Amino acid sequence: MKSRLSVLVAAGLVAGGLLAAYPASAQTVACAGGTTVVQRGDTLSRIADRCDVTEGAILSANPTVDGSGDLTVGETVRVSSRPEDTGSLEEGLGDFTAGAKDAVEGMAREVGSSVQNLLDRNPDLKSRLQKLGRDVGIGDDTAAPSANVSPTSGPAGSTVTVSATGLPAESPVSVAVGTPGTASEPIRDARVSSSGTVSVNLAVPSWVAAGSELTFTIRTDDGLKARTGRFEVTR
């Protein structure tokens, strides 16, 4: 009798809006508006479970994310495509490509220059167009950026040097760290040199346990990234 009464009271509270179903409420808060904020240790699978979506849906909604290692702690990612994304992708890309081509050719005509000369004199514009090409699989033969960490092992708190080449000249970048296959955490901002290189000295985070492995990622504001090999955290 007492058990039945408790059930009836709980049902009444839920019906009256006084008792919320905790799992549904937590999910609503975490993924409100079709987005969620990346937490330390997040993976695509963990976010998919939290927001009750598929990993494929997250990848489709975030073109710059190719895997869990591309997630950044603190950033907001979409967990579902926007309504306007459901149109014809082929038609949209065709219109966009034609518009971009016309715009660049128009700028070149206005300054009495060829398109190639215009791009050579405006490296930021050139790098953005190259980045767009890489994203949609039609990039040129420009070498992809690469990064490395030295030394490749050491205890938490020790200093390492993270460097990269092949980045857009004079562009701001962020350096992030994380365990392989999970979201990385930004720990330093830097600026690329005029020759497309960057090098920063960093302390291995204190929150990393001995025996863990880390990777460092250098990322530009427009999503171009270079990731180091693995760093082993020792005692």
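Residue count for the range 165-187, restricted to those that are buried (at least 17 other Cβ atoms within 10 Å of the Cβ) and more than 18 Å from the chain's Cα centre (by Cα): 1. Counting the residues of the range 220-230 that are under 13 Å from Gly69 (Cβ atoms) and assigned to a loop (DSSP other than H, G, I, E, B) gives 3.
The residue pairs whose first member lies in the range 98-124 and is in contact (Cβ under 8 Å) with a residue 24 or more places away in the chain, whose second member is surrounded by 12 or more Cβ atoms within 10 Å (Cβ to Cβ) and not in a helix (DSSP H, G or I), and whose beta carbons are closer than 8 Å, counting only pairs six or more residues apart or on different chains, are Pro123/Pro168; Pro123/Ala169; Pro123/Glu170; Asp124/Pro168; Asp124/Glu170; Asp124/Ser171.
For (1) in a strand (DSSP E or B); (2) within 16 Å of Val73 (Cβ to Cβ), each residue gets a yes or a no:
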{"residue": "Ser194", "(1), (2)": "no, no"}
{"residue": "Pro205", "(1), (2)": "no, yes"}
{"residue": "Val208", "(1), (2)": "no, yes"}
{"residue": "Ile218", "(1), (2)": "yes, yes"}
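Looking at the range 6-59, which of its residues are at pLDDT below 75 and surrounded by 14 or more Cβ atoms within 10 Å (Cβ to Cβ)? Residues satisfying the conditions are Gln27, Ala30. In the set Ala209, Ala203, only one residue is out of contact with any Pro (no Cβ under 7 Å at 6 or more places or on another chain) and either within 22 Å of Asp42 (Cβ to Cβ) or assigned by TED's automatic domain parsing to the domain that holds Thr72 (or both); that residue is Ala209. Scanning the range 155-183 for residues that are touching an Asp or Glu at 6+ places or on another chain (Cβ under 8 Å) and part of a strand (DSSP E or B) yields a count of 7.
The values are calculated or read from the model by the stated rules, or taken from the named source; none is laboratory data. The structure displayed is predicted, hence computed values, not measured ones. FYI the Cβ positions are ideal-geometry reconstructions off the backbone, even for glycines, and counts take in every protein chain you see.
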